Amino acid sequence: MNKKVDLSNAHWSKSALSDGGNNCLEVAFVDGVVALRDSKDVGDPEAQVLIVSRTDYDLFTQSVRAGQKNLLP
């Protein structure tokens, strides 16, 4: 996806199942897309953020909840 997204006001959250440490996946729903980052990267201006469509995110999380084993090729 090639969409420039302003993440300056993004509200990042992580799963309630996380241990609260800095080794988690964080997610932000912003500007019609979903941004994903490693919680270790908070505050790092060089950190990589993955941007996916809301549809792709929804399909991925539905597959995880359904117990699909082969989510990656």
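Every number in this text was worked out from the coordinates using simple rules, so none of it is lab data. Source: prediction; values computed, not measured. Every residue, glycine among them, receives a Cβ derived from its backbone with ideal geometry; neighbour counts consider all protein chains shown.
Please identify the trypsin sites (Lys or Arg not before Pro) of region 6-69 that satisfy two criteria: DSSP loop assignment and at most 12 other Cβ atoms within 10 Å. Which are they? Sparse-neighbourhood loop trypsin sites (Lys or Arg not before Pro): K69.
Only aspartates and glutamates eight or more places from K4 in sequence, or on another chain, were considered; those with a Cα closer than 18 Å are D31, E46, D56.
Given a Förster distance of 25 Å, report the FRET efficiency between D38 and A16 from their Cβ-Cβ distance, rounded to the nearest 0.05.
Numbers: r = 18 Å, r/R0 = 0.72.
My answer for the efficiency is 0.85.
Grab the DSSP H runs of the chain that are 4 residues or longer, score each as -39,500 (n - 2.57), total them, divide by all residues and round the 222 nm result to the nearest 500 deg cm²/dmol.
Taking each H run of at least 4 residues, the total per residue is -5000 deg cm²/dmol.
Extending 7 Å from Cα along the Cβ direction at N9 and again at R65 yields two label points whose distance is 2.9 nm. Think of each Lys and Arg Cβ as +1 and each Asp and Glu Cβ as -1; about the Cα centre, that makes the dipole of region 23-65 roughly 200 debye. In straight Cα distance, which aspartates and glutamates are under 18 Å from K40, not counting same-chain residues fewer than 8 positions off? Correct list for K40: D19, E26.
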